[in-house]
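Beneath this line is the structure, given in structure tokens, with notes to follow.
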Amino acid sequence: MTVIAIDQNLCTGCQECVKICPNLAIEGVPHQAQKINEDKCVMCGQCVQKCKSYVSAAEHGLAAYAEARAARGLPEWITEPLFAAHNVTHIEEVKKALADPGVFTMVQSAPAVRAAIAEDFGAPLGDLAAGRLAAALRKLGFDKVFDTNFAADVTIMEEGSELIHRVTNKGVLPMFTSCCPAWVRYLELNYPSLRQHLSTCKSPQQMEGALFKTYGAKILNVPIEKIFSVSVMPCTAKQFECSRPEMVDSGARDVDVVLTTRELVWLIKDAGLDFINLPDEKFDLPMGDYSGAAEIFGVTGGVMEAALRTGYELITGKAIPAVDITAVRGIDGFRTADIAVGDLTIKVGVVTGLKNVKPVMDALAEGKLDLHFVEVMTCPVGCVTGGGQPKLIDESDFEQAYKQRISATYNHDLELPVRKSHENPSVKKLYADYLKKPLGDLSHKLLHTTYCGDKKVAHH
Ligand code: SF4
Ligand code: SF4
């Protein structure tokens with residue numbers, strides 16, 4: 001399947017995207033249109049963020065604009081400028097499902113979406129819009145407005161338990177996080193023999209999707225075949241992830257369609273909603289309930305910190321002395337820390353940006369990587385800077401946007417009443433009523449997977 005493409009009529013061959021591509025997937029000669037080698041592309045969308053060549057009706061005329069729009073199969077109500085490097089959209093499928101009274105639509109949105117979406121409506125950088133996001137999704141007509149953050153808390157329960165199991169049973173270490181689909185694909189393409197180091201946990205998006213069509217179907221009494229599962233993600237690789245052959249454990253496709261943050265903005269504008277002034281609403285319970293630990297999944301080091309907050313308490317049985325684990329925060333490409341957990345010292349690493357993962361993987365292949373747990377995120381400072389986020393045109397805005405989106409995320413963590421995944425009351429209820437225990441039979445069936453590790457993407 002094609003997720004990222006370059007419009008051959010719009011590309012000037014400036015090769016700015018070539019410089020940023022983490023897996024040398026963009027091919028061509030300077031000053032001529034570039035092409036993406038789909039067998040190498042990890043779908044991170046960083047080329048989409050970088051590309052400055054566009055067509056707009058105002059500058060290039062309606063005919064030129066309409067031609068580019070039609071070539072991409074975009075609906076006529078889209079009027080935004082269209083850039084040469086772009087992600088393929090599924091927006092019409094979502095509109096169709098929303099308009100069909102026979103379809104029960106469930107939506108989730110990732111933590112990073114709320115840290116940036118308001119920018120596309122003119123808000124200052126770092127205006128965190130959780131309540132307005134929930135309100136907008138409800139006004140668009142989704143039957144249930146749930147939240148990926150709920151599954152981020154579930155991920156911590158499963159991944160934390162997996163780490164403890166690996167450490168205490170001489171399992172394969174270090175364990176690498178598996179929530180970033182571009183990273184998973186990068187590892188499959190470049191280091192297939194090391195894939196047993198990946199956590200078997202699905203990403204929060206895929207866990208939430210699998211729970212929508214099982215737990216959600218059960219508690220809401222909706223037949224699985226009526227449920228249409230939509231994700232709003234800061235990430236272009238998530239559409240690839242939800243289409244992977246492994247992601248059908250609910251008995252159907254766990255997530256039917258992914259929209260990027262930018263595509264949700266299109267839908268909100270099309271509906272004429274005044275996003276900035278929408279009164280705050282809450283996400284629906286139970287699968288919209290979340291802790292501060294889940295919220296920080298959107299920034300580099302966040303998954304690690306969330307795992308340590310819970311791991312510490314599960315291992316020692318005591319409250320963690322400081323909830324903010326600043327040793328794993330920061331924006332360096334690779335950083336390590338030794339974290340004391342009772343009598344154990346857990347050695348952790350955090351990688352941000354795939355260009356920084358190569359030396360780490362080379363050290364691992366040579367048996368020189370002395371760590372227990374490594375978090376890897378593909379995008380510059382984590383998902384808040386994902387390929388599907390609002391596009392920054394002015395280079396001078398990048399640094400400020402990254403900083404503001406990160407601080408908005410940590411501030412939201414601070415203001416939430418629950419800041420540890422294992423204390424989320426709806427997660428406790430999920431385990432009590434349905435899953436029974438982390439790493440139990442049902443968890444293994446729905447929430448874990450074995451990545452097939454093929455060298456090539458299935459083109460379908
Ligand atoms: S999506 Fe990422 S990996 Fe694919 S071509 Fe663009 S920058 Fe390269
Ligand atoms: S896709 Fe955009 S950034 Fe890449 S070469 Fe073409 S115009 Fe330049």
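What follows is calculated from the coordinates using simple rules that are stated; it is not laboratory data. Because the structure is a prediction, the values reported are computed rather than measured. Neighbour counts are summed over all protein chains in view; Cβ atoms, including those assigned to glycine, are modelled from backbone coordinates with ideal geometry.
So how much slack lies between ALA322 and VAL172, counting 0.36 nm per residue of separation and subtracting their Cα-Cα distance, in nm?
Additional length available on full extension: 51.1 nm.
How much of the calculated P(r) for the chain lies past 44 Å, in percent of all Cα pairs?
8 percent
7 Å from Cα along Cα→Cβ at both LYS139 and THR345: what's the point-to-point distance in nm?
Computed distance between label sites LYS139 and THR345 equals 5.4 nm.
Of GLN49, SER250, ALA115, which is farthest along the charge dipole of the chain in the positive direction, counting Lys and Arg as +1 and Asp and Glu as -1 at C-beta?
After comparing all options, I get SER250.
Please give the peptides 236-242, 362-368, 7-13 ranked by average Cβ packing (other Cβ atoms within 10 Å per residue), highest first, as a rough proxy for protection.
Per-residue Cβ counts within 10 Å, averaged per peptide and sorted highest first, yield 236-242, 7-13, 362-368.
Is there a quick way to get the dipole size of the stretch 127-197? I mean about its Cα centre, with the Cβ of Lys and Arg at +1 and of Asp and Glu at -1; what is the value in debye to the nearest 20?
Approximately 120 debye in magnitude.
Considering the options GLY353, LEU125, VAL29, tell which one lies farthest towards the positive end of the dipole of the chain, charges being +1 on Lys and Arg and -1 on Asp and Glu at the Cβ, about the Cα centre.
Of GLY353, LEU125, VAL29, it is GLY353.
Could you give the size of the charge dipole of the chain about its Cα centre, using +1 on the Cβ of each K and R and -1 on the Cβ of each D and E, expressed in debye and rounded to the nearest 20?
Once rounded to the nearest 20, the dipole reads 740 debye.
What length, rounded to one decimal in nm, is gained on full extension from GLU59 through to ILE276, with 0.36 nm per residue of separation minus their alpha-carbon distance?
Between GLU59 and ILE276, full extension yields an extra 75.4 nm.
Taking the Cα centre as origin and putting +1 on Lys and Arg beta-carbons and -1 on Asp and Glu beta-carbons, what dipole magnitude results for the stretch 72-210, to the nearest 20 debye?
260 debye
Say each of GLN8 and LYS436 gets a label point 7 Å from the Cα, pointing the same way as Cα to Cβ; how far apart are those two points in nm?
It is 5.6 nm.
Using packing as a proxy for protection, rank 19-30, 380-391 so that the peptide with the highest average count of other Cβ atoms within 10 Å comes first.
Result, highest mean Cβ count within 10 Å first: 380-391, 19-30.
Counting other beta carbons within 10 Å of each Cβ, put TYR431, TYR402 in order, fewest first.
TYR431, TYR402
Output the peptides 257-264, 312-319, 200-207 sorted from most to least packed, where packing is the average of other Cβ atoms within 10 Å over each peptide's residues.
200-207, 257-264, 312-319
Please name whichever of PHE212, PHE150, TYR402 sits farthest to the positive end of the charge dipole of the stretch 144-447, dipole taken about the Cα centre and charges placed at Cβ: Lys and Arg +1, Asp and Glu -1.
PHE212
Would you mind ranking SER243, SER56 by Cβ crowding within 10 Å, fewest neighbours first?
By the 10 Å Cβ count, ascending: SER56, SER243.
To make sure I understand, if each residue's beta carbon is the centre and we count other beta carbons within 10 Å, what order do TRP266, TRP77 fall in, fewest to most?
With the fewest neighbours first, TRP266, TRP77 line up as TRP77, TRP266.
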